[in-house]
Amino acid sequence: MDVIAVFAPFFAFVLAGLLNRQIGDRGCQIVTCVGLLIAAAASIKLFLDFALGDQMPYVRVLAEWVAVGDFKVSWALRVDMLSVVMMNVITIVSSCVHIYSVGYMSHDEAKGRFMAYLSLFTFAMLMLVSADNLLQLFFGWEGVGLASYLLIGFWNEKHSANAAAQKAFIVNRIGDFGLTLGIFTIFLVFGSIEFETIFANVADQAETAFVFFGHEFHALTLIGLLLFIGATGKSAQLGLHVWLPDAMEGPTPVSALIHAATMVTAGVFLLARFSPVYEYAPFALAVVTVVGALTAFIAATIGLTQFDIKRVIAYSTMSQLGYMFFALGVSAYGAAMFHLMTHAFFKALLFLGAGSVIHALSGEQDMRKMGGIWKKIPVTYVLMWIGSLALAGVPFFAGYYSKDIMLEAAWARDTGVAHFAYWLGIAAAFMTAFYSWRLLFMTFHGKPRASAEVMHHVHESPPVMLVPLFVLALGALMAGAVFYQPFVGSAGGHEASAAHHTEPAHESPERWNRQAFWGPAIQVRPGNDTLEVAHNVADWVKRMPTVVGVLGIVLAFVMYILQPRLPGRMKEIFSAPHTLFYNKWFWDEIYQFVLVRPALLLGRMLSLGDRKVIDAVGPDGGARASGKIATALSHFQSGYIFQYAFVMMMALVAVLSWFAFRMG
């Protein structure tokens, strides 16, 4: 099953990519959709074997990959609960995106190529999460980067799409440089890049120091920070996040695939996979906590002011990723993975729902040109409500369970850094609820702001686009309640004291024991189990996210339904913060001034030197001299016999003079 789950999308990509002309667009759509459905079925079977059966983690070696002296790396699949959960999330969401794309891309001229790219992207992500060593993980990591470049820039006739694809590729290369240094450091410290060897020897290397750029560092802390730099690029954490909103230039299914379940979650998975290392690197965990908390807060502030429906959801993704990272930073790895899973469902639902709105409005993405359409697309409207309720953490929806446990774990850590993350997370929860309902009210309610012609053509999406939304809506409704106990419940298997969870009566406590559920895939040192303590935090800590979420929804209702002039007045009163948030804290402008312009200036200077000095003296100069000599000699090719005789005489004189000079 593991081989099928991982390689079915690859074979679909090969068939769709190589036989595009033979099988046509419809054939490519069928092949890729069937391939993903097979992979999803195999992934679900694996999950059931682990969760409900007695399947133990294992490694399946497929082939020897690299053998250089004593250095040997196998191509192998590491199948444990962590990789199986990721396989399920990736294949289920990707299956929905593939099927949705059949309808959404129906008028595109390159449907087959698009479907092939989607399958390639999915395969690369599956290789990443199933890797048994860092080289194989890096292969999947870079494969995801390549496929994202192709998908973001899919509409390559648009300059903005090409620029966005390049931006995503380059920014991710910065993060990947950190990941590469981390892999090198791991090999130097552990003498291996195999996960089993690394994790088995972490305790022995707990006090090892390492000299880096002339300074001595704690080896595991340095490894943790370097891996986090890689995760920062791929998962759009503060500093390397600037590619994320521009990635909206790709087709909407790409946005759902990249921002929901795949590329942006790779960093979360990486840190969870290396939990044995991070547990011995408390400073690295503190850095992860602070950066994650700042990311959650700053992204939420930007989301308050955006008008592009896809960009609002994109900044929401960035904010939710911040939650996952600060949960990782307080050793609540299970909570981060829990939110990764629930977030995949409701965020893919929101993106594909937004695509349905854009489809209905003939390509319009500006919420200022929407409004008054809920009666015309009622199914999409209801589904968007479900996704927004889950995102805002409203009780009994998926986000309520996963977001709350991350905040509770942050408070349970009981350190200044963790409490800092908790309060920023609370502020982000308030803003998330506000901008989610701002999106709903501006998009679906009020007076229509689109042209009469556009409003006349507003229509519900076809079933091929709506059916995947129902699947994702089911996850947004039920995934939190169903999987709360195994992912983050009490380690002892007893009923969690959290008011929002009741242990399923039909399952034995032992089967739903959190530590038994994750097994060796996630390792937490004694005394660091914040999830266990989180179930017993004060009631006000548990209630606070719900309270601020409701306040955010009420405020959005007042401002965009009861008093629609109020947003304009608030913009005037708080003009400075609004300008800061609307311009995304000027991150792009700062990078443009500090990095891009100096790099371009340096490039122009080097180019000038290359053209005016090196080329002028070297190849270009030689070519010009050769041309001038040839031009001069061509004058003797006139066809007149006396000129040929003159040249022959001159040549004879030159040869005789040379011999005379040598003999003398």
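The values are calculated or read from the model by the stated rules, or taken from the named source; none is laboratory data. This structure is a prediction, so every number in the text was calculated from the model and none was measured. Here Cβ is always computed from backbone atoms with ideal geometry, including for glycine, and neighbour counts include all displayed protein chains. Protein only, heavy atoms only, side chains kept; ligands, DNA and RNA dropped before computing areas. Shrake-Rupley method; radii C 1.70, N 1.55, O 1.52, S 1.80 Å.
When a/c reaches 1.5 or more, the comparison of a/b and b/c decides; with that in mind, is region 10-87 rounded, prolate or oblate per its Cα gyration tensor?
Taking the square roots of the gyration eigenvalues as a ≥ b ≥ c, region 10-87 is oblate.
Can you give me the angle between helix 81-104 and the longest principal axis of the chain, using Cα atoms only, in degrees from 0 to 90, rounded to the nearest 10?
The helix 81-104 is inclined about 70 degrees to the chain.
With a ≥ b ≥ c the root eigenvalues of the C-alpha gyration tensor of region 12-150, is it rounded (a/c under 1.5), prolate (a/b larger than b/c) or oblate?
Oblate, because a/c is 1.5 or more while a/b does not exceed b/c.
Can you work out D for the chain in µm² s⁻¹ from Stokes-Einstein, where Rh is the Kirkwood radius over C-alpha pairs, the temperature is 10 °C and the viscosity is 1.306 mPa s?
Estimated via Stokes-Einstein, D reaches 59 µm²/s.
For the chain, what is the accessible area per residue in Å² when the probe is 1.4 Å?
Averaged over the residues of the chain, the accessible area is 42 Å².
Say R0 is 30 Å: what FRET efficiency, to the nearest 0.05, do residue 482 and residue 539 get from their beta-carbon distance?
Once rounded, the FRET efficiency stands at 0.80.
Full extension from residue 177 to residue 630: what is 0.36 nm times the residue separation minus their Cα-Cα distance, to one decimal in nm?
158.0 nm
In degrees between 0 and 90, to the nearest 10, how far off the longest principal axis of the chain does helix 20-51 point, with axes built from Cα atoms?
Helix 20-51 sits roughly 40 degrees off the main axis of the chain.
Find the percent of Cα-Cα distances in region 313-391 that exceed 14 Å, and round it to a whole number.
Tail fraction, whole percent: 66.
Using just the helices of the chain, give the 222 nm mean residue ellipticity in deg cm²/dmol: DSSP H runs with n ≥ 4 each add -39,500 (n - 2.57), and the total is spread over all residues, rounded to 500.
Calculated mean residue ellipticity at 222 nm is -22500 deg cm²/dmol.
Expressed as a whole number of Å, what is the distance separating the alpha-carbon centroids of region 15-88 and region 332-407?
Each part reduced to its Cα centre gives a spacing of 28 Å.
Once the whole set of protein chains is in place, how much accessible area is left on residue 49, using a 1.4 Å probe, in Å² to the nearest 10?
40 Å²
Can you send over the solvent-accessible area of residue 522, 1.4 Å probe, protein chains only, in Å² to the nearest 10?
Surface open to solvent at residue 522 totals about 20 Å².
Can you give the angle from 0 to 90° between the axis of helix 597-609 and the longest principal axis of the chain, with both taken from C-alpha atoms, to the nearest 10?
Helix 597-609 and the main axis of the chain meet at about 10 degrees.
Given Cβ point charges of +1 (Lys, Arg) and -1 (Asp, Glu) and nothing else, what value in debye, to the nearest 20, does the dipole of region 84-159 about its Cα centre take?
Dipole size: approximately 100 debye.
Between residue 616 and residue 642, take the C-beta separation as r, use R0 = 25 Å, and let me know the FRET efficiency to the nearest 0.05.
Efficiency computed from Cβ-Cβ geometry: 0.05.
Using a 10 angstrom Cβ neighbour count of at most 10 plus a DSSP loop assignment to flag exposed trypsin sites (Lys or Arg not before Pro), which longest range of the chain is free of such sites?
1-374
Report the local net charge at residue 320: Lys and Arg +1, Asp and Glu -1, summed over other residues whose C-beta lies under 14 Å from its C-beta.
Residues near residue 320 contribute +1 overall.
Just for the Cα atoms in region 267-404, what are the lengths along the principal axes, largest first, rounded to whole Å?
Projected onto its principal axes, the Cα set of region 267-404 covers 56, 27, 22 Å.
If exposed GluC sites (Glu not before Pro) are those in a DSSP loop with at most 14 other Cβ within 10 Å, what is the longest stretch of the chain that has none?
Longest run free of exposed loop sites: 208-494.
Any idea what % of Cα-Cα pairs in region 192-313 are farther than 26 Å?
It works out to 32 percent of all Cα pairs.
Rounded to a whole number, what % of the accessible area of the chain do carbon and sulfur atoms account for, probe 1.4 Å?
The value for the chain is 68 percent carbon and sulfur by accessible area.
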